[in-house]
Amino acid sequence: MTPPATNSAAALSTSSGSASWPGDPLAGRVAVITGATSGIGAATARRLALGGAHVALLGRREDRLKSLADELRSAGHGHVLPIAVDITDAEALDHAAASVRTGLGRVDLVVANAGAMLGAPFETADTTEWDRMLDVNVRALIHTGRVFADDLIGAAQNGPADLVHIGSVAGHMLFPNWSVYSATKAAVAHLTRNLRAELGPRDVRVHNIEPGVTATELGNDMTNEDMRSALTQMRDNLRPLSAEDIAEAVAFTVSAPANVNIADMAVVSVRFG
């Protein structure tokens, strides 16, 4: 089914046989999730859809996006729009945003989740991994907010509008051999603070959710074998968070009353300390 192009949340929630969840604050919202092919992104898509939101799934792996979209549709959730895109390509991201508006209407919730986590000792690191983290964790995140900024500003005139950044506790804690990754997440934290000051007066809420150690695919593609082993050991020792834990944090944050901005949220496992 091709969903109607409309800015009306009510129209979207009643235009098909899918349930509308009228009592849920997520019902009828139009959400975009980047990095939706796995981990926190996929879990967040499931959680938002469960609440009745219509979701656009952005990511590079088209087969995974289609599989997740089929899963959400078969479960009777709202409209789902999978879009395969490399968000580090600003022009491609512009086209993806246009497709979201055509397919779902004006966006009022953006979860900038896509990220790369590549660790290594500073003096021996593969610097192409630094470039990748800067491209995905910083540049692409900035462009994601920019391409949907007008949507959020417009949506805030009629109800809640949220820009959610998925940061990391590494943005303000010390993790040796993760210096560049941590620096990208520190940039996300300060970007969020400044955007909150810039967009808050126009009623757009900007949030930084900072997971601690979480069991996802993040880091599996590091070239440094010692760091991959260290990450596995850290996850084994700490009983890490699940992607679903972070998805619940996102849902809680964006479900707050429209005048409440949960600005920063660090989410860590009980054993993290």
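The values are calculated or read from the model by the stated rules, or taken from the named source; none is laboratory data. Since this is a predicted model, take the numbers as computed values, not measurements. Note that we place each Cβ from the backbone using ideal geometry, even for glycine, and neighbour counts take in every protein chain shown.
What tally of residues in region 171-183 results from selecting those that are surrounded by 19 or more Cβ atoms within 10 Å (Cβ to Cβ) and either among the hydrophobic types (A, V, I, L, M, F, W, C) or without any contact (Cβ under 8 Å) to a residue 60 or more places away in the chain (or both)?
To start, the set of residues in region 171-183 that are surrounded by 19 or more Cβ atoms within 10 Å (Cβ to Cβ) comprises 171, 178, 180-182.
Okay, now just the ones that are also either among the hydrophobic types (A, V, I, L, M, F, W, C) or without any contact (Cβ under 8 Å) to a residue 60 or more places away in the chain (or both), so 171, 178, 180, 182.
So the count comes out to 4.
Which one of the conditions (1) among the hydrophobic types (A, V, I, L, M, F, W, C); (2) surrounded by fewer than 22 Cβ atoms within 10 Å (Cβ to Cβ); (3) in contact with a strand residue (DSSP E or B) (Cβ under 9 Å, 6 or more places away or on another chain) does Ala120 fail to meet, given that it meets all the rest?
If we test Ala120 against (1) among the hydrophobic types (A, V, I, L, M, F, W, C); (2) surrounded by fewer than 22 Cβ atoms within 10 Å (Cβ to Cβ); (3) in contact with a strand residue (DSSP E or B) (Cβ under 9 Å, 6 or more places away or on another chain), just (3) comes out false.
Tell me which of these Thr127 doesn't satisfy, since it passes every other one: (1) surrounded by 15 or more Cβ atoms within 10 Å (Cβ to Cβ); (2) under 23 Å from Thr232 (Cα atoms); (3) among the hydroxyl-bearing types (Ser, Thr, Tyr).
(1)
Assuming Lys185 fulfils every condition listed in (1) under 15 Å from the mean Cα position of the chain (by Cα); (2) within 30 Å of Ala27 (Cα to Cα) apart from one, which condition is it?
Only one criterion in (1) under 15 Å from the mean Cα position of the chain (by Cα); (2) within 30 Å of Ala27 (Cα to Cα) is unmet by Lys185, namely (2).
Which is over 15 Å from the mean Cα position of the chain (by Cα), closer than 21 Å to Ala247 by Cα, of a type in the set (Gly, Ala, Ser) and modelled with pLDDT of 95 or more, of Ala75, Ala69, Ala31? Write out each step before concluding.
Numbers: Ala75 fails: modelled with pLDDT of 95 or more; Ala31 fails: over 15 Å from the mean Cα position of the chain (by Cα).
Matching residue, one of Ala75, Ala69, Ala31: Ala69.
(1) buried (at least 17 other Cβ atoms within 10 Å of the Cβ); (2) at pLDDT below 95; (3) of a type outside the set (Val, Ile, Thr): which one isn't true of Arg205, the others all being true?
(2)
When you go through Leu238, Leu174, Leu163 one by one, which is the residue that is under 23 Å from Val136 (Cα atoms), in contact with a Gly (Cβ under 9 Å, 6 or more places away or on another chain) and not β-branched (Val, Ile, Thr)?
Details: Leu238 fails: under 23 Å from Val136 (Cα atoms); Leu174 fails: in contact with a Gly (Cβ under 9 Å, 6 or more places away or on another chain).
So the residue among Leu238, Leu174, Leu163 that is under 23 Å from Val136 (Cα atoms), in contact with a Gly (Cβ under 9 Å, 6 or more places away or on another chain) and not β-branched (Val, Ile, Thr) is Leu163.
Which of the numbered conditions does Val206 fail, given that it passes all the others? Conditions: (1) within 24 Å of Ala27 (Cα to Cα); (2) part of a helix (DSSP H, G or I); (3) touching a Leu at 6+ places or on another chain (Cβ under 8 Å).
Val206 satisfies every listed condition except (2).
Just to be sure before I move on: is Asn220 farther than 23 Å from Thr192 by Cα, part of a helix (DSSP H, G or I) and at pLDDT below 95 in the structure I sent?
Numbers: farther than 23 Å from Thr192 by Cα: yes; part of a helix (DSSP H, G or I): no; at pLDDT below 95: yes.
In short, no.
Taking Ser16, is it at pLDDT 95 or above, among the hydroxyl-bearing types (Ser, Thr, Tyr) and farther than 23 Å from Gly167 by Cα? Show your work before the answer.
Values: at pLDDT 95 or above: no; among the hydroxyl-bearing types (Ser, Thr, Tyr): yes; farther than 23 Å from Gly167 by Cα: yes.
Judged against the criteria, Ser16 is not a match.
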